[in-house]
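Quick note: the coordinates plus some simple rules give every number you see, no bench work behind them. From a predicted model like this one, the values you see are computed outputs, not experimental measurements. Ideal geometry is used to build each Cβ from the backbone, glycine not excepted, and the neighbour counts take in all protein chains shown.
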Amino acid sequence: MKGLRPIDLTFSAVFVCLMAIGANITVWFPFLAVPIGGTSVPLSLQTFFAILAGLMLGKKLGTISMMIYTLVGIAGVPIFAGLKAGPMMLITPTGGFILSFMFVAFFTGLIAERSKSNSVFTYGTASFIGFIVNYGIGVSYMYMIMNTWLELDISYWLAWAGMLPFLIKDAVLSCLAATFMVHIAKRIPARWLGAKI
């Protein structure tokens, strides 16, 4: 990617908005919080959109769009989950997930760029790697914050066990992102897609 084109900036801005909407979809539509085992799992779409940003925009522009989303939220615009904002969000248990979206977009985009195929296998592999990166960073960061900053004595495996409903949800959404991207690649000119330039 030699330079940013107007279409690149537009797509990047769209994904910043989609991340904000995906983080807060249950604020406007509470019925999308799914009750599981006595608790409710909010249908957040952030992992889905972060993966899609990497697939559509490529590693550089996808990472830039996730970085902008993070910086806008840190600056005080309420676009994080629960309409929250500010730098203190990065030292909450979910702060690692916010930071992970940049890496999700990067690695997903990297795999999409290196492959010359627009197949379900290619996008599925990229989406799976993005999903693993998201939870690998997010849960490890949550474990660290809970055991240090919050002074809660929990095991690493308990931290993973607590994320099980979210893991299932985002695993399904990652598969949907791959399938969705196959259809997008057939309808959007390759010159528009950052992953293919």
*Each label point is 7 Å from the Cα along the Cα-to-Cβ direction; what then is the distance between the points at Val120 and Arg5, in nm?*
3.0 nm
*asked:* Give me Rg/Rg_expected for the range 102-192, where Rg uses Cα atoms only and Rg_expected = 2.2 N^0.38 Å with N residues.
replied: 1.33
*Given a cut-off of under 8 Å on Cα pairs at least six residues apart, what relative contact order in percent is computed for the range 6-196?*
25 percent
_the chain - Kirkwood radius from inverse mean 1/r over Cα pairs (Å)_ = 17.0 Å
*Glu151 versus Leu176, label points 7 Å from Cα toward the beta carbon: distance in nm?*
4.1 nm
*How big is D, in µm² s⁻¹, for the range 66-120 by Stokes-Einstein at 20 °C and 1.002 mPa s if Rh is the Kirkwood radius over C-alpha pairs?*
173 µm²/s
*Cα centre as origin, Lys/Arg/Asp/Glu Cβ charges: the range 6-196 dipole, Debye*: 760 debye
*asked:* Connecting C-alpha atoms closer than 10 Å in a GNM of the chain, tell me which of Leu57, Leu71, Leu43 has the biggest fluctuation.
replied: Leu71
